[in-house]
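Reading through the structure tokens given below for one structure.
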Amino acid sequence: MAVKNLMDVVEKTQMKEGRGNFRVGDTVEVHLKIVEGEKERIQVFTGIVIGRKGLGANAAFTVRRLVGNEGVERVFPVHSPSIDKIEVKKSGKIRRAKLYFLRDRVGKATRLAEKRGLGDLVKKDETPEAAAVKPRQQQKAEEKAEPKEAKKEEKAPEAKK
Amino acid sequence: MSSATGILGRKVGMTQVFDEKGLRIGVTVIEAGPCKVLQVKTPEKDGYAAVQLGFGDKREKNTSLPLIGHFEKAGSGPKRFVREIRLGAAPSDKPGDDVTVKVLEGVQKVDVSGVTKGKGFTGVVKRWNFRGLPASHGCSKRHRAPGGLGRHMSINKGVPKGKKMAGHLGTDNQTVLGLRLVKIDPENNVLLVKGAVPGANGSFVVVRTSLKEKVRLDKEAKRKAAK
């Protein structure tokens, strides 16, 4: 077996399907399993995803929230078994991959403009994650296809002249 | 079951896995086996006990005739990587037997041998962890130099024998002892070993049951027997 393939095989055993369907700028609830003695309970950490890093089983993300007036950041492995689930509450409108500029802000300035139109794209029978990914890919495909045709049409008349 | 206490393999790469507590462990993925037993060495005949294993196929075109004969004796095609695994007692294997990762089942710790990455001609700072000379205070153009070589009062004795100097680093045989065997996957012939292993990805390695762990277990067994 090819060397690269075997890596994927191993990593796949560590990865949880459906995890990681969130983006930077999203406000998420991270449900953490916390073991106290023999009891297990769920603790929720809510905040904005300010960055993602790593690939495959190594992927991790940083969540920032304000507690009182103090910023708290936690880094979680995306596929960690101690995470019960990750819920996306809001999607922020962002223009960069790492939102480190939020660290310099307090109060109202930490809010991100909410992304619009995502709700319309989500069909009821689809999970929000799948819907969020799908339209984007389709759009790209359409965009790719269109400009070429457009160019051809433009060029054709010129040639005639 | 094979009596081999080790197996040959190939370093695939490093990644991480989660343990039962949800903590991340850095592991090396090793594609190990299936190996063919090419020859069996016994104390009576060879003076020591061992099995010779072969791993990784090679084209016949690139193999010398005597070697092809040697492989054919074991009913095997030519192998790229051939190594012996030393054993305590005469092995129960026969030439031609297959050795898979299952030989390491139940093993806690392993030693992994390989050839380190070649670093070429390197200076003393990298090769011997010298500190070099000062970065400032008038030090000019000699920041990574070895400094004096010793013997400043005795004349005509030259540089001391074995003085650490610049030279070739890497491509040495190296064994890392006592790595935890995190997982065995017989289906994919994969071993997961905690920590790093010598060599580049794709290079051959020998995985043996840990020597130190064996000594420790033997001592424990003895103590129990004494009680």
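The values are calculated or read from the model by the stated rules, or taken from the named source; none is laboratory data. Since the structure is predicted, the reported quantities are computational estimates derived from the model, not experimental observations. Glycine also receives a Cβ, built like all others from the backbone with ideal geometry; neighbour counts cover every protein chain displayed. Calculation scope for accessible area: heavy atoms of the full protein, side chains included, ligands and nucleic acids excluded. Shrake-Rupley method; radii C 1.70, N 1.55, O 1.52, S 1.80 Å.
Of note:
- Largest to smallest in accessible area, the residues B:ASP111, B:ASP97, A:ASP104 fall in the order A:ASP104, B:ASP97, B:ASP111 (1.4 Å probe, all protein chains included).
- Cβ-derived FRET efficiency at R0 35 Å, A:VAL35 paired with B:VAL215, nearest 0.05: 0.45
- Extension reserve of the B:THR116-B:TYR48 stretch, reckoned as 0.36 nm per residue once the Cα distance is removed: 21.7 nm
- Neighbourhood net charge (12 Å Cβ-Cβ; Lys/Arg +1, Asp/Glu -1) for B:GLY120: +4
- Residue order by solvent-accessible surface for B:LYS194, B:LYS227 is B:LYS227, B:LYS194, largest first, with ligands and nucleic acids left out and a 1.4 Å probe.
- Comparing Cα centroids, the stretch B:130-147 and the stretch B:163-227 end up 38 angstrom apart.
- Residues whose placed amide H lies under 5 Å from that of B:LEU87, excluding near-sequence neighbours: B:ALA49, B:ALA50, B:VAL51
- Measuring with a 1.4 angstrom probe and ignoring ligands and nucleic acids, A:ARG23 comes out at about 110 Å² accessible.
- A compact globular protein would have a Cα radius of gyration near 2.2 N^0.38 Å; the ratio found for the protein assembly as shown is 1.42.
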